[in-house]
Amino acid sequence: MVRYHVLLEMIVVLGIGGTGQYGFLISVLNSPSPYIKKFINETWVSRYNTPISHQSLTVIWTSIESIISLGGICGCLAAGYLSRKYGKKHCLLWNNLILVGASLIMGCSKLAGSFEMLLIGRFLGGLYAGFAFTLHSQYVGEIAPKKLRGFTSTTLALFLTFGAFSGQLLGLSEVLGTESLWPLLVSINGITSLVQLIRIPFFPESPSYLLMEKGDRHACLKAMKQLWGEDDIQEEMDDLMKEQEARRNAQSLSILEILKDRSSRWQLYLSFLMVLTKNICGDYSIYFYSYDIFYNAGFSPQRIPHINIGIGVCDAVSVLVCALVADMFVLKTILLIGYGLMATTLALLTVTLSLKDWYPWMAYCSVVLVFMFMFVQGIGPGGVTLPITVANFTQASRPAAMVFVGMTNLTALFIIGMTFPLMMETLGSFTFLFFVGLIAVSGTLLYLFLPDTKGLSAMEITEQFARLNFRGHQSVLMRDAQTRSSAQILMLRDSMQNVLHDARMST
């Protein structure tokens, strides 16, 4: 692995400033939530001389939690166009300045006595996260050789988990999760964005971007050698050349074009289903509202932040295991097994939460089941959803596809962030049965329609999906193929006759 040291360093730097920041923004408000709610109430009292109502506090708090999704959708929409025009490397550099500004705004909110600054800062943080998520997802899938692509793509989930765990760890009352230090907690990720700002200029641009968007074969080869060393680059170059030849007369697709493109239809269907299920099925709801879940299970507020650390540890270990074994197994199999175990765990969690009033020890069973759920979702859908999605698209369609995936991801995040508290109040412990049903439907559809793409190039994966995308037009395609074959046979026959005629004349 020594010759891949540049690749590995690049993966770490991209992860810290990419999905790592995204995970941090998701979990960072969980532990200090009582202090932030108290700050909102105090601000309200100072303005209107009356305490804020419970309903208004819930609306403001859920808006602060979820507004990163709206900013993220805007970031995703901008990422597709800007990355095609300026390249992923330069876009990531400028994107870090947005997070620095967002961190300063949130850090000064308490001093200024304005909870609106938290809303603005979270929106800008979401804008950064949507942009970084989209570009990071593409970048890691394009800078690795085919034999390491499964590993590098699973690092997306690994760093997302690492970021979420960092938010939980720093949010402990022994660290920064106190009434006086929470402004520093919500702004500290601005420091980590400086790591990308300093280091990224020394990394190469994506080889496939250099070849297919810029048409610079020399720069592409140089980037490959810098990332992978001198050996084993010819096969990768041959695959890229084949893909370039296939799209010689086609430009990169926009988000509207890929939605209309028949050859990408089933890739989008299945990507939408996988991302939607991953985000709504319960893992983000647990990250967002683990405090409320454990409080309802009967634990004291002082113990809950420490229990949350166990969630982060389980998630981090599971995604790390998934990253190490991703290239050894079929990703589709890992995904479906994960769905089955997740549905089983959530069904049992519903039972333990329902029985906690009769049997106090059920609260500890709920904690164990939450840990088990985070572990199986991390080693399954949490680790392989993005790698499968990235692999399903070619260079021409991948930028727009990742914009679509990012928007789906953030929309699902916004929905669960806004609705989960209401679902918990209305349905109580039966909330998780909704997730069980969604997992069952999604798993069935993916089992029936998602092809196995292990070890295949982008063009070979496209051929696999062509059977679904053009299923109703196979007879037409076969007739076209037969017509082309017949024409080729006739041309070959005429050519051979001419050769024989010339040979007779010469004798």
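Looking only at the stretch 247-272, filter to residues that are aliphatic (A, V, I, L, M) and modelled with pLDDT of 65 or more; which one of those is nearest to Gln377 (Cα to Cα)? So, considering only residues that are aliphatic (A, V, I, L, M) and modelled with pLDDT of 65 or more, the one nearest to Gln377 (Cα to Cα) is Leu270. Within the stretch 453-471, being at pLDDT below 80, open to solvent by 40 Å² or more (accessible area, probe 1.4 Å) and not hydrophobic (A, V, I, L, M, F, W, C) holds for Lys454, Gly455, Glu460, Arg471. Inspection of the stretch 173-183 identifies no residue that is out of contact with any strand residue (DSSP E or B) (no Cβ under 8 Å at 6 or more places or on another chain), closer than 22 Å to Thr408 by Cβ, of a type outside the set (A, V, I, L, M, F, W, C) and open to solvent by less than 20 Å² (accessible area, probe 1.4 Å). Being out of contact with any Ser or Thr (no Cβ under 7 Å at 6 or more places or on another chain), under 28 Å from Thr426 (Cβ atoms) and modelled with pLDDT of 85 or more narrows it down to one residue among Val275, Val351; which is it? Just one listed residue meets the conditions, Val351. Here Thr58 meets each of (1) modelled with pLDDT under 85; (2) touching a Phe, Trp or Tyr at 6+ places or on another chain (Cβ under 6 Å) with one exception, condition (2).
With the condition being more than 21 Å from the chain's Cα centre (by Cα) and of a type in the set (S, T, N, Q), I'd like the helices (runs of 4 or more DSSP H) fully within the stretch 363-476 carrying at least 3 qualifying residues. Passing ranges, in order: 458-469.
Yes/no per residue for (1) within 21 Å of Thr152 (Cβ to Cβ); (2) open to solvent by 10 Å² or more (accessible area, probe 1.4 Å):
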| position | (1), (2) |
| --- | --- |
| Met362 | no, yes |
| Phe373 | no, no |
| Val390 | yes, no |
| Gly406 | yes, no |
| Leu413 | no, no |
| Phe434 | no, yes |
| Ala440 | no, yes |
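Could you say which residue among Leu127, Leu119 is farther than 18 Å from Ala223 by Cα, open to solvent by 10 Å² or more (accessible area, probe 1.4 Å), touching a residue at least 12 places away in the same chain (Cβ under 8 Å) and under 17 Å from the mean Cα position of the chain (by Cα)? After ruling out the rest, the residue left standing is Leu127. Scanning the stretch 29-77 for residues that are small (Gly, Ala, Ser) and either under 21 Å from Leu124 (Cα atoms) or part of a helix (DSSP H, G or I) (or both) turns up Ser33, Ser46, Ser56, Ser63, Ser66, Ser69, Gly71, Gly72, Gly75.
Report the residue count in the stretch 57-79 for those that are open to solvent by less than 40 Å² (accessible area, probe 1.4 Å) and free of Cβ contacts under 8 Å to residues at least 24 places away in the same chain. Qualifying residue count for the region: 1. Considering only residues in the stretch 278-305 that are at pLDDT 65 or above and small (Gly, Ala, Ser), the one that is most open to solvent (accessible area, probe 1.4 Å) turns out to be Gly298. In the stretch 160-259, counting only helices (runs of 4 or more DSSP H) that sit wholly within it, the ones holding 1 or more residues that are closer than 28 Å to Gly130 by Cα and in contact with an Asp or Glu (Cβ under 7 Å, 6 or more places away or on another chain) span 207-212, 217-228. Test Leu324 against the stated conditions and say whether it is modelled with pLDDT under 85, crowded, with 18+ Cβ neighbours inside 10 Å, in a helix (DSSP H, G or I) and in contact with a helix residue (DSSP H, G or I) (Cβ under 9 Å, 6 or more places away or on another chain). For Leu324, the condition - modelled with pLDDT under 85, crowded, with 18+ Cβ neighbours inside 10 Å, in a helix (DSSP H, G or I) and in contact with a helix residue (DSSP H, G or I) (Cβ under 9 Å, 6 or more places away or on another chain) - is not met.
Can we say Arg149 is surrounded by fewer than 19 Cβ atoms within 10 Å (Cβ to Cβ), in a helix (DSSP H, G or I) and within 26 Å of the chain's Cα centre (by Cα)? So Arg149 fails the test.
The values are calculated or read from the model by the stated rules, or taken from the named source; none is laboratory data. Bear in mind that the values here come from a model prediction, so they are computed numbers and not experimental data. We place every Cβ from the backbone using ideal geometry, glycine too, and count neighbours over all the protein chains shown. To get the accessible areas, we keep the full protein, side chains included, count just its heavy atoms, and leave off ligands, DNA and RNA. Shrake-Rupley method; radii C 1.70, N 1.55, O 1.52, S 1.80 Å.
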